[in-house]
1. Tell me the Kirkwood hydrodynamic radius of the range 1-40 in angstroms, computed as one over the mean inverse distance between distinct C-alpha pairs.
2. If the label point is 7 Å along Cα→Cβ of V49, which residues in the range 4-41 have backbone nitrogen under 14 Å from it?
3. Any idea how far apart V20 and R39 come out in nm if each label point goes 7 Å out from Cα toward Cβ?
4. Hey, any idea what % of the chain's accessible area is carbon plus sulfur with a 1.4 Å probe?
5. Rank these residues by their accessible area, most exposed first, probe 1.4 Å: T40, T67.
6. Evaluate the Kirkwood expression for the hydrodynamic radius of the chain, namely the inverse of the mean inverse distance over all pairs of different C-alpha atoms, and round to one decimal in Å.
7. Most mobile of A26, A57, A41 per a Gaussian network model of the chain (Cα springs, under 10 Å)?
8. Would you be so kind as to identify which of V20, T67, V55 lies farthest towards the positive end of the dipole of the chain, taking Lys and Arg as +1 and Asp and Glu as -1 on Cβ and the Cα centre as origin?
Amino acid sequence: MRREDIGPLLHQVSEDLPEVSLADRAWTAGVILNRRRRRTALVGVLLAVGFALAVLAAFAYGWLPVTG
């Protein structure tokens, strides 16, 4: 096959492909972004709760001095 034959062949094949719906693409990207944000927020809350429990345990077992 010659190089000149590839362009028209690719054009012919690409005509058979369905058109990409930009609305569907945007919706999917929005859903992915929403899930990622929700997951990040959940991980942040869980880390904050874990840190708070660790500090409370440290005070309860006397590992940290109570001032005041």
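1. 13.1 Å
2. Within reach of a label on V49, which here means backbone N under 14 Å from a point 7 Å along Cα→Cβ, the range 4-41 contributes 41.
3. Taking the simple label geometry, V20 and R39 are separated by 2.2 nm.
4. Details: 4400 of 6680 Å².
Roughly 66 percent of what the probe reaches on the chain is carbon or sulfur.
5. Details: T40 90, T67 125 Å².
Result, largest first: T67, T40.
6. The answer is 17.9 Å.
7. Result: A57 has the largest fluctuation of those listed.
8. T67
The values are calculated or read from the model by the stated rules, or taken from the named source; none is laboratory data. None of the values given here were measured: they were computed from a predicted structure. Heads up, the Cβs are rebuilt from the backbone with ideal geometry, glycines too, and the neighbour counts pull from every protein chain shown. All accessible areas refer to the heavy atoms of the entire protein, side chains included, with ligands and DNA or RNA removed. Shrake-Rupley method; radii C 1.70, N 1.55, O 1.52, S 1.80 Å.
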